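**Q** Got a structure for you, questions after.
Only the coordinates and a few stated rules stand behind these numbers; no lab work does. Just so we're clear, the structure is a prediction, and the values are computed from it rather than from any experiment.
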């Protein structure tokens, strides 16, 4: 859109949160859903997501040079522990409301 932007990945503390994917229980086409899940976790699916600037979740995914160049190395990124995060959700919600909403 013509705006000058820069992506910054903090060196001090960076976390990667997973995208949630699921299969709908009792959905009308469970096999189609399973095929979709298999595809997005495949190298082809991970590569497609990477073209949209989503870091691959599957280790060892090969990226083309032009896509890889847009994802600088960031060894400081650590996966979010969703269990620990869920235990702190109420605290995070309260602190966010204070900081963002003044409540």
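**Q** Students often get this wrong, so try it: which of (i) 10.6; (ii) 7.8; (iii) 7.3 is mean projected area of the Cα convex hull in nm² as calculated from the structure shown?
**A** Given (i) 10.6; (ii) 7.8; (iii) 7.3, the structure-derived one carries the label (i).
**Q** Using Cα pairs closer than 8 Å and at least 6 residues apart in sequence, work out the relative contact order for the chain, in percent.
**A** Numbers: 54 pairs, mean separation 31.7, N = 103.
Dividing the mean separation by the residue count of the chain yields 31 percent.
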